[in-house]
Structure formats: structure tokens, C-alpha cells
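Enquirer: Sharing a structure here in C-alpha cells format.
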Amino acid sequence: MPPAISISLNDSSDVTDFVIKQGHGVKGLSEMGIKSLPEQYIQPLEERLMTRIEPQESIPVIDMSKWDDAQVANSICDAAEKWGFFQVVNHGVPLQVLDDVKKATYGFFGLPAAEKIKYSKENSSSNNVRFGTSFTPQVEKAFEWKDYLSLFYVSDEEAAALWPPVCKDQILEYMKSSKFLIDHLLQVLMKRLNVNLIDETKQSLLTGSVRTNINYYPVCPNPELTVGVGRHSDVSTLTVLLQDNVGGLYVRGNEGEDSWIHVPPINGAIVINIGDALQIMSNGRYRSVEHRVTANGSSNRISVPIFVNPRPQDMIGPLPETLANGEKPIYKQVLYSDYVKHFFRKAHDGKNTVDFAKITN
């Protein structure tokens with residue numbers, strides 16, 4: 001049901017109060033049937049314009065049905081080096097699990113604002129469970145047209161106790177069902193870096209913490225004036241993304257600064273992208289690529305990314321194996337929690353976060 005509340009769209013504090021403090025999110029604004037975008041959502045021209053979309057280009061789609069085939073392994077590593085993004089099909093995650101988590105996402109965002117607000121930063125019983133909107137509203141000059149629920153996994157017990165009942169089981173099942181895929185991808189990617197065995201220490205460094213977000217991008221009255229998500233790269237080792245059939249995810253292409261490639265929805269596919277942590281650990285061999293999401297004027301869109309990360313207390317830097325042949329390190333060792341804090345203390349700004357770890361001469 002659309003919120004039966006009247007707010008002044010010209011009063012920015014009124015809008016912020018409705019969206020953030022009352023927990024209606026941008027979904028609430030959209031459901032009021034607003035005809036024009038509130039001012040604080042209007043992005044600067046350079047942030048919303050994609051001057052060159054490459055319709056002929058597409059990121060690789062890799063059939064994982066032959067897990068152990070050398071050709072599949074090469075395709076994965078080549079995609080990670082050239083594109084930083086690829087889609088996988090026949091990946092072993094049951095399609096029913098994917099459908100269930102999409103339904104559960106709609107289930108959570110369909111809750112009344114009074115229910116969702118219980119999980120906001122101010123009200124949540126744990127920092128590991130967070131309902132919010134945009135990216136970091138307190139530091140953004142213009143907001144993004146997106147609501148989200150972010151869930152940091154500690155244990156099944158904590159998830160059972162603290163995650164929203166309407167979606168916790170489906171999200172846990174999605175995470176667990178993706179584990180074999182994640183481990184296999186990392187095994188293959190590490191092998192090309194001459195890491196032939198992922199021991200306990202390396203496993204923990206690569207996958208020691210996991211966060212899953214469920215994202216909701218409601219219909220937008222002026223999609224050309226805003227963004228669903230601004231330009232950024234992920235801070236993860238790997239991101240495993242389930243998107244619905246609406247589309248709107250774009251990744252930076254290889255044809256110069258203004259080139260963008262749409263990642264078309266493929267039924268049953270999962271999108272994989274390399275995160276900054278793996279770019280740093282591979283000493284730049286694997287690419288963590290800038291991406292963004294457009295707003296949509298006719299359809300609601302959802303997505304469910306699993307961010308597989310180092311642990312906050314881990315030091316990340318080029319793996320010794322990447323430097324064994326005398327290659328010079330491009331990145332220094334940084335504390336992962338410092339890197340993540342640097343990412344979240346500013347608005348989305350393309351690939352600038354990775355400079356935090358760069359060695360400057």
C-alpha cells in the first residue's frame with residue numbers, strides 16, 4: 001500500500017525525514033506517485049551521463065557445467081584480467097534458491113515502514129543488520145535512488161536471531177548454495193597467480209567475511225536525472241550478484257574513459273566481479289572494474305549481491321606468489337578495515353578508493 005502521507009517535495013528536510021528517519025525509503029516516494037524527482041536526488045550531469053554505451057560489446061558468459069575443464073578455467077582468468085566481470089551459467093546454485101531469494105527480497109521491501117525502520121542504523125540491535133537508503137547519505141551531495149538491507153554474516157545462530165524473519169532463511173540458503181561456486185572460482189583464479197594450494201590462512205584472507213545485500217530500485221519519475229548506484233568498484237575479493245530481468249547494470253568498458261557496457265539479465269545466470277581486495281592481492285593482474293546502475297522509469301528492480309571479503313583485521317597486499325618472479329609491488333600492505341572505512345566515508349567516486357593502497361613514488 002502506498003504511504004497515505006503528504007510531504008512537501010520542495011522541503012529537503014521533509015523529504016529526508018520521510019525517506020530516512022521514518023523508514024519509507026525511496027520506495028515510499030515512488031509509491032506516492034510523485035511526478036518529479038526531489039532536488040536532493042538530482043545528480044550532477046557528469047555522474048548521470050553515459051556518453052558512450054558499447055552495444056556490440058558484452059562481458060563473457062561462461063558455462064560452468066564442465067567445472068574441471070582447462071578451457072573453463074582459462075575463460076574465468078581471462079575474463080578477470082580483461083573485463084573484471086563475467087556471467088556464469090550452469091553454476092550449481094539451484095534455480096529455485098535464486099527464485100526464492102528474489103521473492104524474499106520483495107517480501108522484505110513490501111513490509112510497512114514501521115517494520116523496516118527497526119533495522120535502521122539508529123534502531124537495529126546489531127551493526128551487522130542495516131536497513132538504509134542511497135549509499136552514505138550523510139556525506140553525499142546527491143542521493144542515489146535505491147533502498148537496501150545489508151546483512152553481515154557471523155553465524156547461523158546470529159542470523160536466526162537478528163535477521164528479518166521474512167527473508168533470513170532464503171538469504172542464508174543462497175549464501176550456502178553459492179559457497180562451492182565461490183571456492184571453485186577462487187581456486188582457479190589463484191592457480192593463475194601461482195597459488196597452487198589455498199591453505200587455511202589464504203582461505204581466511206580471501207573469504208574470511210561475507211556480507212549480503214538485498215537492493216530495491218523503485219520506479220523513478222525522472223530516471224535520466226539520477227542514478228540507482230553511482231560509479232564505484234567493490235571493496236570485496238569477489239562479488240556474486242543475482243539480478244532480476246529488468247537490467248540497468250553497466251560496467252566500464254575497455255574502449256576509453258567514457259565507454260560503458262550493459263550487463264544484460266540472463267535467466268538463471270549469476271554475475272561475478274573482481275573486487276578491489278583481489279585486484280590488490282593479484283598486484284593488479286585481476287581488474288576490479290567500475291560499475292553503476294541506472295534508475296528506471298517503468299519497472300522496479302532488485303538485486304542481491306554477496307560480497308566475499310577478507311576479515312576486517314587482515315592485512316591485504318600483493319600475495320608473495322605474485323612477486324616471486326621479481327615483479328615490483330604496485331600496492332602496499334593495508335589493514336582491510338581501514339580500506340573499507342575509507343570507501344564508506346565518502347560518496348561513490350569511481351575507482352578512487354584503490355589509490356588508498358597504491359604505492360606512490
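The values are calculated or read from the model by the stated rules, or taken from the named source; none is laboratory data. This is a predicted model, so every value here is computed, not measured. Cβ coordinates were reconstructed from backbone atoms using ideal geometry, including for glycine residues, and neighbour counts include every protein chain displayed. Each accessible area value is taken on the protein alone, full model and side chains, heavy atoms only, with ligands, DNA and RNA left out. Shrake-Rupley method; radii C 1.70, N 1.55, O 1.52, S 1.80 Å.
Enquirer: List the GluC sites (Glu not before Pro) in segment 254-347 that DSSP assigns to loop (not H, G, I, E or B) and whose Cβ has at most 14 other Cβ atoms within 10 Å. Which are they?
Expert: Those satisfying the criteria are 255, 257, 327.
Enquirer: Given the protein chains as shown and a 1.4 Å probe, how many square angstrom of residue 189 are accessible, to the nearest 10?
Expert: Accessible area, nearest 10 Å²: 0 Å².
Enquirer: Protein chains only, probe 1.4 Å: how do 180, 356, 18 rank by accessible area, largest first?
Expert: Per-residue accessible area, sorted high to low, gives 180, 356, 18.
Enquirer: Follow-up question, since we're still on this one. Take the alpha-carbon centre of segment 266-283, take the same for segment 33-87, and report the distance between them in whole Å.
Expert: A separation of 11 Å, based on Cα centres.
Enquirer: I would also like to ask the following. If R₀ is 45 angstrom, what is the calculated FRET efficiency for the pair residue 53 and residue 157, using the beta carbon separation as r and rounding to 0.05?
Expert: Once rounded, the FRET efficiency stands at 0.45.
Enquirer: Right, here's the next one. Once you mark the trypsin sites (Lys or Arg not before Pro) that are in a DSSP loop and have at most 14 other Cβ atoms within 10 Å, what is the longest gap between them in the chain?
Expert: The answer is 142-344.
Enquirer: What whole-number value in Å² describes the accessible area per residue of segment 4-127 for a 1.4 Å probe?
Expert: 53 Å²
Enquirer: Once you order the gyration tensor axes a ≥ b ≥ c over the Cα atoms, which shape class does the chain get: rounded for a/c under 1.5, otherwise prolate or oblate by comparing a/b with b/c?
Expert: Here the chain falls in the prolate category.
Enquirer: For residue 202, what charge total do you get from the other residues with a beta carbon under 15 Å from its beta carbon, if Lys and Arg give +1 and Asp and Glu give -1?
Expert: Once positives and negatives cancel, what remains is -2.
Enquirer: Related question: Starting from the residue with the highest accessible area, list 133, 360 in decreasing order, probe 1.4 Å.
Expert: 360, 133
Enquirer: GNM, the chain, Cα, under 10 Å: largest mean-square fluctuation among 164, 55, 310?
Expert: Sorting by GNM fluctuation, first place goes to 55.
Enquirer: Run down the lysines and flag those whose C-alpha is under 28 Å from the C-alpha of residue 118, throwing out any fewer than 8 positions away in its chain.
Expert: Reachable lysines: 21, 27, 102, 103, 141, 146, 168, 176, 341, 346.
Enquirer: Ignoring everything but the protein chains, give the 1.4 Å probe accessible area of residue 193 in square angstrom, nearest 10.
Expert: 10 Å²
Enquirer: Still on this structure, I have one more. Mind giving me the FRET efficiency for residue 169 and residue 335? R0 is 41 Å, r the Cβ-Cβ distance, nearest 0.05 is fine.
Expert: Efficiency computed from Cβ-Cβ geometry: 0.75.
Enquirer: Rounded to the nearest 20 Debye, what is the dipole magnitude of the chain about its Cα centre when Lys and Arg each give +1 and Asp and Glu each give -1 at the C-beta?
Expert: Computed about the Cα centre, the dipole is about 320 debye.
Enquirer: Still on this model: Pull out a ≥ b ≥ c, the square roots of the eigenvalues of the alpha-carbon gyration tensor of segment 43-148, then state rounded if a/c is under 1.5, prolate if not and a/b is larger than b/c, and oblate in the remaining case.
Expert: Cα axes put segment 43-148 in the oblate bin.
Enquirer: Mind running the shape call on segment 152-284? Use the C-alpha gyration tensor, a ≥ b ≥ c as the square roots of the eigenvalues: rounded below 1.5 for a/c, prolate if a/b tops b/c, oblate otherwise.
Expert: oblate
Enquirer: Here is a further query. How much accessible surface area, in Å² rounded to 10, belongs to the heavy atoms of residue 263 with a 1.4 Å probe?
Expert: Probe radius 1.4 Å; accessible area of residue 263 about 0 Å².
Enquirer: So, one more: Okay, helix-only estimate at 222 nm for the chain: each DSSP H run of n ≥ 4 adds -39500 (n - 2.57), divide by all residues, round to 500 deg cm²/dmol; what do you get?
Expert: Only helices count here, giving -8500 deg cm²/dmol.
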